[in-house]
Amino acid sequence: MATAISSGRSNLRLRSIARLLAKRNIIKRNRSFCTKPPTYNPLPNTGNKYNVDGHHLAGPGEKLDKFSWLSQHGPQFHIHGEQVQVITEPAQFYEVLKLKTRRAKHRITYASLYLGTGALEKDLVSSMREACLNAVHAGNSKFEVNVLLDYTRGSRGKVNSRSMLRPLMAEHSNVKVSLYHSPDLRGLLKKILPERFNETVGLTHIKVYLFDDSFIISGANLSNDYFTNRQDRYILFNDCPELANFFNDLVKTIMSFSLDLSPDNTLNLSPGWNCHPYKETDGGLGFKVAARLKINDCLKMEDFSSIGNNSSISAENTRLTGDNRKNVETDTVVYPLVQMGPFGVTHDEMATLGLFRSSEPNDNILLASGYFNLTDHYMSVILDQSLGKFSILMASPQANGFLGAKGIAGAIPYSYIYLAHEFYKRVKERNQTRRIHLMEYVRDRWTFHGKGLWYYLPSQPLPTLTLVGSPNFGFRSVYRDLECQVALVTENKHLQEQLREEHVRLFASSQPVDESTFQGRDRYVPLWIRYVTKLIKNFF
């Protein structure tokens, strides 16, 4: 995509690949609201559970119970809100990554799309090396480093994620690197699709960075832009051993059916795994079935350990099921939500649709996606079934990471303009412009990659729920890639204030979108891009 070729040849090439991908469709399938949610002015202490507007006021524990149905879609963990920190800046994210990595004493587990190759990334690898050396000096033979990356993105170019990590692997035998290869990239498709294009078929998109019993869940990858001027979201969970164990198990489960990288750059099946992701003659069915079984086994809630009656923090950091949660006084519940469309694992999609469908007229939902390409299912539910108010934040063309890219990649921002305009027209057709608002992130010399949502209950000045992680709410996120995020539900005021400040800060760098937005000269979308976008929108 990045190859400098003439515009005519670029367009022809994209159309040809678009037709091929379309044939091989592997998986069938007023502005103040935004930045200033309603202020809650409580009545005098009369015991009344309703405010002057007649809206029900949630009492202690009610906010957590309102979303307890999320436990149908995955495990739940009860923690203290004080264990959670919202990181707001890329540079802060990078410094926390290095510091936590360097100080790790038991384990480091990274899951990312890729690792960049610049100076900042080299310093991050040096932090891993320092932790390994500290373990050697301490005689800690159980220390381990596990890194999960995507095969296609991690192998792009001669200098890539693999070449960044192989020296560390050669120095320390306790460093393991695995590359997930989509079972849908196979046969003729694998042979003819060039680099970058092959990433559209499917990849692992999960972003979890774990150090001992703490971890960051994010949508950010490990490269220079994400450490400097590419805005994303990052939430740090401190000293949450059972929650960290869950994510460590999840990442290592994916690694168990990925390709193991060796210091000499060869790739082999993981020990105990017999299904090759693209060499079998069954179209990948055996791989998908076996991987689904592994993931489902990892997510079995009945296997999660119960706890005693000790209400200390260490006891509260335990996976809880059934009535066990009643024995613990906590103010925050975390629900990991996994989405792996190729394997038929759809927990995140079902939970997200549930949030949309169950929203009530006075609920405020603030949704963010760096790449606005909602699935038809999400759009139809938001437009026709949801009652809540929506404000949707997306990247402006100037904040799109593909702006100015060489070759046909430079056309991608215009595809997103087209998709956003089509959705806006559907909002107008249903006379829902007062309920559904579109916003664009605009910040000079910054790009936007943030994703997730913030959920405000009626008349509450602080959010009760947030979704944060890797999904973009688009077709690839739901049906092609491996994704994970958490639903974090909290009554902890300090954490709620952090979440509100995060959302206000992001939306403060935004502008409202209306019909006039799409009439600007910089918003003209050539006819060929509209045509191609319709064909390939399920691949980005």
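The values are calculated or read from the model by the stated rules, or taken from the named source; none is laboratory data. Note that the structure is a prediction, hence the values are computed from the model and not measured. With ideal geometry, Cβ positions are generated from the backbone for all residues, glycine too; neighbour counts draw on all protein chains shown. Just the protein is used for accessible areas: all its heavy atoms, side chains included, with ligands, DNA and RNA removed. Shrake-Rupley method; radii C 1.70, N 1.55, O 1.52, S 1.80 Å.
Some observations on this one:
- In this entry, Leu113 passes the filter for residues that are among the hydrophobic types (A, V, I, L, M, F, W, C) and touching a His at 6+ places or on another chain (Cβ under 8 Å).
- Residue check, Ile365 open to solvent by less than 20 Å² (accessible area, probe 1.4 Å), in a helix (DSSP H, G or I) and within 22 Å of Ser68 (Cα to Cα): no
- Residue count, region 479-517 (criterion: charged (D, E, K, R) and part of a helix (DSSP H, G or I)): 8
- Within region 235-278, the set of residues being of a type in the set (S, T, N, Q) and closer than 30 Å to Thr88 by Cβ comprises Asn238, Asn245, Asn248.
- Number of the condition not met by Arg476 [criteria: (1) outside any strand (DSSP E or B); (2) in contact with an Asp or Glu (Cβ under 8 Å, 6 or more places away or on another chain)]: (2)
- Some residue of region 309-328 being exposed (fewer than 15 other Cβ atoms within 10 Å of the Cβ), outside any helix (DSSP H, G or I) and at pLDDT 50 or above: no
- Qualifying residue in region 512-525 (condition: buried (at least 21 other Cβ atoms within 10 Å of the Cβ), at negative phi and not hydrophobic (A, V, I, L, M, F, W, C)): no
- Of the listed requirements (1) at negative phi; (2) open to solvent by 40 Å² or more (accessible area, probe 1.4 Å), His503 misses just one: (2).
- Where helices (runs of 4 or more DSSP H) fall entirely within region 118-213, those with at least 2 residues that are surrounded by fewer than 21 Cβ atoms within 10 Å (Cβ to Cβ) and modelled with pLDDT of 95 or more are at 119-137, 161-171, 187-192.
- Boolean, Phe448 is at pLDDT 95 or above and buried (at least 24 other Cβ atoms within 10 Å of the Cβ): yes
- The one condition in (1) surrounded by 23 or more Cβ atoms within 10 Å (Cβ to Cβ); (2) touching a helix residue (DSSP H, G or I) at 6+ places or on another chain (Cβ under 7 Å); (3) at pLDDT 95 or above that Arg426 fails to fulfil: (1)
- Selected residue [in a helix (DSSP H, G or I) and within 25 Å of Val145 (Cα to Cα)] from Asn245, Asn265: Asn245
- Criterion applied to Asp260, Asp249, Asp232 was being crowded, with 21+ Cβ neighbours inside 10 Å and among the charged types (D, E, K, R), and the one residue passing it is Asp232.
- Any hit, region 462-473, residues being more than 22 Å from the chain's Cα centre (by Cα) and at pLDDT below 95: no
- Residue in region 374-389 that is touching a Ser or Thr at 6+ places or on another chain (Cβ under 8 Å), open to solvent by 20 Å² or more (accessible area, probe 1.4 Å) and either at pLDDT 95 or above or not in a strand (DSSP E or B) (or both) present: yes
- Of note, Asp225 does not satisfy the criterion of being on the phi < 0 side of the Ramachandran plot and in a loop (DSSP other than H, G, I, E, B).
- All of (1) closer than 19 Å to Phe423 by Cβ; (2) of a type outside the set (Asp, Glu); (3) modelled with pLDDT under 95; (4) in a helix (DSSP H, G or I) hold for Trp528 with one exception: (1).
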